[in-house]
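The values are calculated or read from the model by the stated rules, or taken from the named source; none is laboratory data. What you see is a predicted model; the values in this text were computed from it and never measured. Every residue, glycine among them, receives a Cβ derived from its backbone with ideal geometry; neighbour counts consider all protein chains shown. To get the accessible areas, we keep the full protein, side chains included, count just its heavy atoms, and leave off ligands, DNA and RNA. Shrake-Rupley method; radii C 1.70, N 1.55, O 1.52, S 1.80 Å.
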Amino acid sequence: MPCERKPMRYGHSEGHTEVCFDDQGKFIVTCGNDGDVRIWESLDDDDPKFITVGEKAYSLALKNSKLVTASSNNTVQIHTFPDGDPDGILTRFTTNATHVAFNSSGSRVAAGSSDFMVKVVEVSDSSQQKTLRGHEAPVLSVTFDPKDDFLASSSCDGSVVVWNIEEQTQVISWPLLQKSNDVSNAKSLCRLAWQPRTGKFLAVPVDTKVHLYERGSWDHVSSLTNDLLTQPINVVAWSACGQFLAAGSVGGSLTVWDVNSKLCVERQKHEKGFTVCGLAWHPSGGQVAYTDTEGCLGMLDGLSTSTPDANATKQAPAKKPVKDYDDLFDDDDDDRVMDEGLSDTNSPVKKHVAGDDDDDDDFLMPATGRVRNRGAILDDDNSVDAGSLKLGQDKFGDDDDAGSAVVPASAPLVPLRPVYDGPMPTPPQKAFQPGSTPAHLTHRFMMWNSVGIVRGYNDEQDNAIDVEFHDTAVHHAMHLTNSLGHTMAALSQEAVLLACPSTDELASKLQCLHFSSWDTNKEWMVDLPKDEDVRALCLGQGWAAVATSTLMLRLFSIGGLQREILSLPGPVVCMAGHGEQLLIVYHRATGFDGEQALGVQLLQFSRRKRQIINGEPLPLSHRAYLSWLGFTAEGTPCYVDSVGVVRMLNRSLGNTWTPVCNTRETCKSKSDHYWVVGVHENPQQLRCIPCKGSRYPPTLPRPAVAILPFKLPLCQTSTEKGQMEEQFWRSVLFHNHYSFLSSSGYEIDEDGQSKSQKEQQELLMKMFALSCKLEREFRSVELAELMTQNVVTLAIRYASRSRRMALAQQLSEIALEKANQIQEEGPEEQDEEPEYSSVRQTPGYGQSEVTGGRYSSRHHQEEEEERGEELGEEEDGQEMETEETTETRKRVNPFAKEAGSPVTPSLTPVGKTGRANPFKVSGKPSASSSQPRVTNILDNMTSSRKSAPLSGSAGKANKSPVLKPLAPRPKAKTQSTLLQMTGTKAANKKTQENTEPAADLQKQADVPPPASPAENTENKRPKTGFQLWLEENRKSILADQPDLEETDIIKEAMGRFRTLSAEERLSWTERAKDQTGDAADLKKRKRGGGERGGDEGNENGQTEADEKSAKKKKSLDPSSKLSAFAFNKN
């Protein structure tokens, strides 16, 4: 008996829930903890009718159009069905009733209560009551014998009792259950069930079995069991034929047995494993509805109960092939698909689906057109299908009424005349106002947007419109009488726009309440031409737009002046306005097989009016329709489809649409939806109203707005890499509006923009670190392409620290390209500032922020670097541990004050024991480290370049970190450089201050890598030509100006050295080279990195030699740029 378990749907709030069918099986009726009885036309009814019977409804029974409920006010009430009119109170107890049941004829009701009593009441005369006393604990359940002689009840006292109703006596009592003190604590609800018709067996759920007791003899004849049942059975129910018994258990198991053969014919499990507490068979026997303790409703469909009574189509396919063929399509899931777009309470099968121009106020048409639904679509003869295609009604019988044309049983399953069997046209979606609920409702939202809420009331007493503003500073709330019968509304900061359809006598009207007007006439009205109806309307800044049934778009000024008029390419679906932008969605063609073919236009009414998107197809999810259209608060168009996917315009990708959120992912149940009311890009928020079991919210109580986060549907977002990619691209997409706004002439929040760029660069750096860890160097380079130039510098540092020299080399090339781009973009900045900069320097550059030397000194730069370095340190913790410890131990901050430091400022080499740092603050104030930073950066450059190599303090003399060299010479050097650069946080900023000007110098000079703080770690460096010259000329400088401080001596020396001719400087460089042999030997011994010393001397000498000419040229050839990143390209 293969059956289909339909998805659960929300029915009531959490708690005990019960279910039954009406006599014909047309409706499913449920009651629950919220005190409502809901009447569902099908499992997929998104708008069930409900009757409120009390604070809580504990049980219900339905027979002969009488609905009996046990509610929390200790009464058993009766209501008419399906109208739900109260029909009096049948009986009362001293506490709440726990279970109610009808007898087979519907003339009596039995009710059990927590006050240990069972009452049997005549429905026609509630004064005729019989009370059965004898239970010693609350009653769990009651059931009538089909012949009306006996009544069985179970109780928390552990007994199951059979009563003689007339004599009000116990016939027999079985002690079968575990005792408990209340229904809520009972292990099982022990809902008994008597076999219908014959009443031969009484089924009693006892633990994991069902005991069958024979009527009359009251013997325990047999038990129905199933090995897979591990938890107590809660409820049992018989099929109408009496052959099958269904049971629902505490663990969510659903089991069906054939009682004759004692075999289990169906086993299913609740999709979430919740306790099943209500069970009911469809009168046909083909379905079992069940409810759980969470308030949800589910169904098993397609149970084949082959008996004379069961549904003929299901039971005897051979006799009625055509009916069965139709059922193939109908029984699957057409209800859901058909109902998807309907908001009417009528069942989908009674609907004119297409061609129904009568105004039946559907919110939307069903977005379906699958072949399987043909029977449902063409179920009544008045309806015409969208393409006026006759589908051979002979073949698809009208399966709603018994007199439908059915081919005789012997007929083969072939159409009697040719039938079109290709894709079916989809009924086009009707026009709607985004942010409104269906027009057929008496109380509805006509508009809910970011400005306010417009509610419409249309009942016997009142036809009115209430306008309420989220910010009462815009305007106070308004109450308008709706004498014209307006059905559409739009709301902006300036006005309320209302429109009504035409009638036989009156034209379609447009009414505008221009409340922001400064004159006294704040209202205007326009009649549309005859036979032209408003279909959609919206407001922008200073304008109103109306799309009409004649495929026209009429523009008005906010004061009522008629402006442009244009033709639309197809029937409008909806419109939205924001500022100067107007977004229109319309049908560009007929869709097929459930798809809607929509087109979109985006117009901008700035000084130069233009069409930004020109009728391109609007992407929707598979078989979905449009359910909301609008703009973010920042002015980016976005929309939501019926599947819950939110898409936003990506202006940076040629006006394409990117999915940014799927509201279905946060829905708990299939029948829950989110009704969108607004979208914000900064902060990233999707504002919407959760709707349980429906597509839209009720007006009362006032619904609460929830905020959903955005999430791009990237792959593997559960991984760290996927999460960061998603965050990065989302950040890029959500900050596109800055460039759009600035290009449109609006002021933008520059802080927000720089913050977003910083956030993006941080994410790139994190992804870069992750790629390095995963040995994905190519991917790391791809990430670097997306970085800004200063972040590439951090990446280079990180790469060299991680000993990835090939990667660092690649990155340095990227950095060069980026620098070139910046140079090309802003050559004039180069004249003023000796640094690569995409942003102008802050005014206090020379005096206060030497830190900005190598790149933009925007304030966040330092933070970014520090963060990058911290990041590098975190990410790289493992590999770097040894170096970090040596560094923190051995690397003294060269700029920190050391009271007891014995160093005297002198540039004379102190051999291997270390060299003095001219900027080191020792005990003497004369060497104040702040001085170089205060003077002009240009003068400072050489000095900081020269001082960098000397900046190892004496305290560190013989303790340079032990760095094992890598094979290639330049790389070993670079690595130590960059390791040194990312030293302890305390030293970080000052090191930058010292080294960055140096880097600048080399950017201008056409030279290889700089003497950067690399050599802070090894104090064994060859002298440069300048140093030799300074040693020899120091005395003469002091003779001229005896009171100069150390730093001023260096400055003066630099000035003088620059005035030398190129040849002279070259000769000093040569002399310096001659002295490098010893240093090279030393290095060989210390580090195994033999020949480096000579090179360095060479480089530095060259530096000096070329410095002056380079300054003039400001050359940008590759090696000069590279030097900025401390890389040796040779």
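The table below lists the values:
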quantity: Radius 14 Å from Cβ of PHE144, net charge of other residues (Lys, Arg +1; Asp, Glu -1); calculated: +3
quantity: Overall Cα dimensions of the stretch 505-612 - principal axes, largest extent first, Å; calculated: 54, 41, 20
quantity: Surface accessible to a 1.4 Å probe, MET8 within the full protein complex, Å²; calculated: 10 Å²
quantity: Residue-span extension gain [ASN521 to ASP207] - 0.36 nm each, minus C-alpha spacing; calculated: 105.3 nm
quantity: Under Karplus coefficients 6.51, -1.76 and 1.60, residue-wise ³J(HN,Hα) of the stretch 8-17 in Hz, glycine/proline x; calculated: 5, 9, 5, x, 9, 6, 4, x, 4, 9
quantity: Neighbour net charge for MET446 - beta-carbon separation under 12 angstrom, K R +1, D E -1; calculated: 0
quantity: Difference of contour (0.36 nm per residue) and Cα-Cα distance, TYR746 to ASP471; calculated: 96.7 nm
quantity: Cut-off 14 Å between beta-carbons: net charge of the residues surrounding PHE740, Lys and Arg +1, Asp and Glu -1; calculated: -3
quantity: Fully extended contour minus Cα-Cα distance, from ASP533 to GLU14, at 0.36 nm per residue; calculated: 182.3 nm
quantity: List HIS12, HIS680, ordered by accessible area with a 1.4 Å probe, largest first; calculated: HIS680, HIS12
quantity: Most to least packed among 809-815, 659-665, 610-616, 671-677 [average Cβ atoms within 10 Å]; calculated: 671-677, 809-815, 659-665, 610-616
quantity: Rounded Å value of the spacing that divides the Cα centres of the stretch 536-606 and the stretch 199-241; calculated: 65 Å
quantity: Residue pairs, from the table LYS668/LYS721; LYS6/LYS187; LYS49/LYS209; LYS66/LYS147, whose Cα atoms sit over 25 Å apart; calculated: LYS668/LYS721; LYS6/LYS187; LYS49/LYS209
quantity: The stretch 695-749 and the stretch 104-121: distance between their alpha carbon centers, rounded to Å; calculated: 57 Å
quantity: Heavy-atom accessible surface of the stretch 559-677: percent carbon and sulfur, 1.4 Å; calculated: 50 percent
quantity: Burial order of peptide ranges 37-44, 266-273, 1046-1053 (average beta-carbon count within 10 Å, highest first); calculated: 37-44, 1046-1053, 266-273
quantity: Amide hydrogen neighbours beyond the local backbone of SER155, cut-off 5 Å, H modeled; calculated: LEU140
quantity: Surface per residue (accessible, 1.4 Å probe) for the stretch 21-110, Å²; calculated: 36 Å²
quantity: Probe 1.4 Å, all protein chains present, accessible-area order of LYS609, LYS63, largest first; calculated: LYS609, LYS63
quantity: Inter-site label distance for LYS262 and PHE592 at 7 Å from Cα along Cβ, in nm; calculated: 5.9 nm
quantity: For the stretch 126-190, the fraction of alpha-carbon pairs in successive 10 Å shells from zero, as %; calculated: 23, 50, 24, 3
